[in-house]
Amino acid sequence: MISTLFIMQFVLTVVLTIAVLLQKSSSIGLGAYSGSNESVFGAKGPASFLTKFTFVIGILFVVNTITLGYLYNQQTLQSAVDTLDEKSLIPQTNEQPSPTKAPQAPKSETTVPVTPPAK
């Protein structure tokens, strides 16, 4: 479920970016908020199809992001210890483990004479 929503998040990101880049720039910047001579909808009336499409994709992006955050948080609230059974933690064998001996160093039968360095 999370992987499907994660893939959908990437697709929505690409589609939203393309939809924003395809829109016509009005070149007024922040002038729209300070009393520009253009109305909110412009001279052509309400928003065009591309603007409505961008709005819908933006809403889907936000809803998908919130859903992913919620589901991922619920999944990570479980720890690995919570998923284990008590039976799997207790060994079921009655045999005592046999002690193992440490390996011993090999015995050398030939000795190498050590000569002092020449002066």
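Just so it is clear, none of the values below were taken in a lab; they were calculated from the coordinates. Quick caveat, the model's predicted, so the values are computed rather than measured. Reconstructed Cβ throughout: ideal geometry from the backbone, glycine too, with neighbour counts over all protein chains shown.
Out of all the residues in the stretch 11-25, which are charged (D, E, K, R) and closer than 13 Å to Phe55 by Cα?
Passing the criteria: none in range.
In the stretch 54-75, what count of residues is obtained for those that are of a type in the set (A, V, I, L, M, F, W, C) and without any contact (Cβ under 8 Å) to a residue 40 or more places away in the chain?
6
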